[in-house]
1. Sort out which residues of region 591-624 are part of a helix (DSSP H, G or I), open to solvent by 20 Å² or more (accessible area, probe 1.4 Å) and not aliphatic (A, V, I, L, M), and write them in order of number.
2. Restricting to helices (runs of 4 or more DSSP H) lying wholly in region 633-706: which have 3 or more residues that are modelled with pLDDT of 95 or more?
3. Being touching a Phe, Trp or Tyr at 6+ places or on another chain (Cβ under 9 Å) and hydrophobic (A, V, I, L, M, F, W, C) narrows it down to one residue among 656, 634; which is it?
4. Sort out which residues of region 207-234 are part of a loop (DSSP other than H, G, I, E, B) and either open to solvent by 10 Å² or more (accessible area, probe 1.4 Å) or under 14 Å from residue 307 (Cβ atoms) (or both), and write them in order of number.
5. May I ask you to list the residues in region 812-836 that are open to solvent by 70 Å² or more (accessible area, probe 1.4 Å) and either over 30 Å from residue 754 (Cα atoms) or outside any helix (DSSP H, G or I) (or both)?
6. Give all pairs with beta carbons closer than 7 Å in which a residue from region 572-584 that is under 16 Å from residue 685 (Cα atoms) and open to solvent by less than 10 Å² (accessible area, probe 1.4 Å) meets a residue that is in a helix (DSSP H, G or I) and of a type in the set (Gly, Ala, Ser); count only pairs at least 6 apart in sequence or on separate chains.
7. Across region 293-321, what is the number of residues that are touching an Asp or Glu at 6+ places or on another chain (Cβ under 6 Å) and assigned to a helix (DSSP H, G or I)?
8. Need the failing condition index for residue 588 against (1) crowded, with 18+ Cβ neighbours inside 10 Å; (2) out of contact with any helix residue (DSSP H, G or I) (no Cβ under 8 Å at 6 or more places or on another chain), just the number.
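The values are calculated or read from the model by the stated rules, or taken from the named source; none is laboratory data. If you're wondering where the values come from, they're calculated on a predicted model, not measured in any experiment. Heads up, the Cβs are rebuilt from the backbone with ideal geometry, glycines too, and the neighbour counts pull from every protein chain shown. Just the protein is used for accessible areas: all its heavy atoms, side chains included, with ligands, DNA and RNA removed. Shrake-Rupley method; radii C 1.70, N 1.55, O 1.52, S 1.80 Å.
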Amino acid sequence: MIELDKTYNPSAVEEKWGRFWLDNRLFHADEKNGGQAFSIVIPPPNITGSLHIGHAFNNTLQDILARWKRMLGFNTLWQPGTDHAGIATQNVVERHLQKEGTNRQELGREEFVKRVWKWRNESGGTIAYQLKKLGCSLDWERDRFTMDEGLSRAVREVFVSLYEEGLIYKGDYIINWCPRCHTALSDLEVEYEEIQGSLYHIKYPFQGDGGFLVVATTRPETILGDSAVAVNPADERYKDLKEKQVVLPVLERVIPVIQDGYVDVAFGSGALKVTPAHDPNDFEIGRRHNLPVIKVMDPDGTMNENAGPYRGMERYACRKELVKELEARDLLVKIEDLRHSVGHCYRCRTVIEPYLSKQWFVKAEPLARPAIEAVRNGTTQIIPGFWENTYFEWMENIRDWCISRQIWWGHQIPAWNCGQCGRLTVSRQDPEACPQCGNADLARETDVLDTWFSSALWPFSTLGWPDRTESLRQYYPTSVLCTGFDILFFWVARMMMMGIKFMGQVPFRHVYIHALVRDAEGQKMSKTKGNVIDPLVMMEKYGTDALRFTLAAFAAQGRDIKLAEERISGYRNFCNKLWNASRFLFMNLEGYAGSCRLEDRGERSMADRWILSRVNETCRQVNQCLEDYKFNEAASALYKFVWNEFCDWYIELSKARLQTRTGPEKRATQNVMVHVLETALRLLHPFMPFITEEIWQQLPAEGKSVMIAPFPRYDASRYDAEAETNMNFVMDAVSGVRNIRGEMNLNPGLSLNLLIRTKDRETAETVNRHAAYIKEAGKIGQLTVGPSVTKPPISASSVLDGMDIIVPLEGLMDFAEEKKRIEKELKKIEKDRIFLERKLSNQEFVKNAPSEVIEKDEQRRQALSEKQDKLFAHLKTIEQALK
């Protein structure tokens with residue numbers, strides 16, 4: 001007899017099968033095998049990263065798809081890899097150096113880069129280990145890194161090709177600058193945050209005569225770089241100011257008053273200070289009016305020589321001193337409180353500074369056009385569809401992409417400046433001399449490329465491009481990209497542009513955009529709030545399968561997950577339910593020498609026919625839901641089948657046949673039970689790989705592993721309408737009895753007498769045909785059925801379609817004690833209900849409480865009200881019995 005341990009031990013099982021899958025190369029994809037391909041690339045996690053709940057969610061969904069398609073017979077590749085994460089990794093290593101009392105400047109570039117590689121080789125593999133622990137069936141033999149030799153060659157080829165076509169250029173532009181990281185940031189790398197600031201209203205005196213203009217600004221330190229004051233030509237207040245000049249406060253430089261339609265007449269006084277070197281909109285105004293560009297800050301955020309007496313001051317210290325000076329000169333009109341959105345560096349949270357700098361750019365608009373069309377014509381489909389509008393809006397208003405970063409870790413830009421003739425050379429190989437003058441005095445660009453530049457090539461560079469490899473032919477375009485909406489523009493849009501440009505095809509057919517994982521109250525998880533759920537802790541505590549199934553069960557399209565630890569604990573119970581059901585089956589397989597294949601053994605019981613029909617329907621639901629990326633609905637169908645239909649109904653109804661019968665009847669039930677369990681394990685495997693492998697290996701199943709066993713498909717010929725109708729009839733009757741037990745507080749194991757009053761004799765005959773099932777599942781002693789059945793005075797009933805379920809209560813309970821219990825419970829409910837009524841009628845509470853809290857209280861009030869109604873009905877029955 002096969003035996004499973006009494007309790008499921010996830011850690012031992014996960015270690016065993018994780019190693020088994022790797023040792024047997026079951027995750028490996030072989031392009032030589034041909035067949036229909038299914039390929040998916042992992043959004044490469046940063047080498048600085050550790051598995052957080054977002055990673056766990058995203059990779060669980062990808063693994064479900066990969067395991068499902070592999071079992072369906074597709075030549076499946078799930079491509080692994082990590083991202084070098086330029087700024088983030090450099091920051092980590094710099095902090096290590098700081099602890100050692102040194103810095104990257106002291107080491108020098110070459111030694112610093114060696115130090116980063118050393119850190120990467122020692123610590124950068126953490127997340128790969130954690131993904132394996134999650135059960136991710138990535139082809140680890142193909143693991144790639146955005147700075148490995150092959151991908152670096154691809155990056156260089158793309159850069160040079162785009163440069164040669166005029167799609168990469170170098171130019172002056174206002175960029176987002178981080179004074180802490182000392183690098184440019186793309187628009188997408190700036191995170192905006194509402195903060196409490198100030199709006200300073202400052203006088204700009206007219207040159208030569210009295211009067212002044214009032215200008216409002218949130219950044220008074222940038223006044224020192226003003227080149228003009230602008231007013232709107234349509235603003236009646238300033239129609240006579242043409243040709244006027246004003247004196248710049250403090251520095252007393254004379255600057256013109258200009259007219260420009262960009263100025264918002266409703267903001268402040270309607271007069272706008274123009275600082276071309278420190279504001280992107282002012283930069284454009286300066287270009288239109290040919291204004292001088294005056295930088296007043298250095299890259300570290302300190303004021304430079306153009307700031308006059310404030311040279312050397314940190315920008316905020318300068319602001320403070322300048323405001324004091326304006327006040328002393330009677331040039332400060334007022335300071336207003338202002339809540340406004342301020343950009344921060346996405347890595348170090350420093351407030352960014354708009355800064356004029358010479359940078360490298362990609363001309364985005366020519367690349368965006370075909371990427372827009374590919375989504376419009378359905379070549380690539382974004383799911384859910386509402387994200388397509390967001391994609392179009394961004395792509396149709398795309399700005400040139402700043403791709404240079406002033407750091408040392410990353411792909412160094414392949415461009416050299418000649419010290420002799422000044423020629424700029426961009427080359428696929430390092431040049432030995434200037435191609436124009438032949439001089440060997442070449443200085444390479446010190447900037448590196450934006451991390452997202454190499455990531456944009458991920459779907460084809462990981463498959464061997466620029467070589468035309470067999471892997472590229474077999475697995476490109478990839479089938480689906482599974483990612484969060486937060487990198488739709490950072491990454492997805494750029495992969496679309498680069499894939500179409502260099503491969504002539506879109507990089508993926510489908511883009512599945514999943515929502516965010518939040519806490520139980522719908523709040524974003526953060527360490528400062530203390531509401532972070534660590535997936536590694538949850539896996540250790542409840543098992544990996546419980547975490548995975550929880551994440552899948554709540555992955556509804558377009559709706560954020562509200563995750564609580566109790567939910568993971570709840571799905572651990574599901575694992576235990578499956579385990580215990582399997583143990584029961586194994587304990588009842590004595591004498592069974594068959595396989596998991598369904599045998600043709602003549603007449604089957606109604607319960608056997610019903611469960612075979614139900615598992616077939618579950619096959620249909622799961623396959624269809626996964627085709628539609630409805631992971632939560634697939635998980636729900638599996639949960640309902642395994643817990644409710646297989647465990648709670650079929651196993652219970654089969655116990656008598658297994659334990660009291662012998663011969664063909666017992667053998668038939670054993671065979672059906674083994675077949676259905678094995679089918680269920682295959683259906684569950686993509687969601688819960690470890691426990692399903694452990695149980696499957698104990699069954700008389702064919703093959704090396706459940707993960708390469710065929711995924712069950714729907715067979716229309718196996719739908720059994722008669723069995724489903726009859727079984728629904730039985731379940732309704734038994735559920736009616738169970739409801740009465742619960743409402744009347746009767747012991748679940750107590751044998752009851754049952755009366756069923758039917759609407760006609762035909763219904764009575766149906767009940768009698770299935771009486772054995774009703775008596776067994778409902779724990780019924782005596783059963784009386786018929787249209788003429790009368791209801792005893794002291795009884796409880798449940799009205800169903802076509803019949804009344806009646807349970808006589810005489811002698812089953814102490815009615816006086818039951819009355820006391822009900823009255824006590826009603827008092828408590830009333831107290832709780834009044835408390836909630838007062839709380840929800842408090843306007844201050846309703847106004848300030850989060851919507852999730854109010855919704856929860858509303859649901860609790862409704863539940864209390866429903867329970868109160870049931871108890872009053874129960875009390876009425878009890879009082880009748882006491883008369």
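1. 609, 614, 617, 620, 621, 623, 624
2. 664-684, 689-696
3. Testing whether each residue is touching a Phe, Trp or Tyr at 6+ places or on another chain (Cβ under 9 Å) and hydrophobic (A, V, I, L, M, F, W, C) leaves just 634.
4. Across region 207-234, the qualifying residues are 207, 208, 209, 210, 211, 218, 219, 226, 232, 233, 234.
5. 814, 827, 828, 831, 835, listed by residue number.
6. 575/546
7. Counting residues in region 293-321 that are touching an Asp or Glu at 6+ places or on another chain (Cβ under 6 Å) and assigned to a helix (DSSP H, G or I) gives 3.
8. Evaluating residue 588 over (1) crowded, with 18+ Cβ neighbours inside 10 Å; (2) out of contact with any helix residue (DSSP H, G or I) (no Cβ under 8 Å at 6 or more places or on another chain) leaves (2) as the failure.
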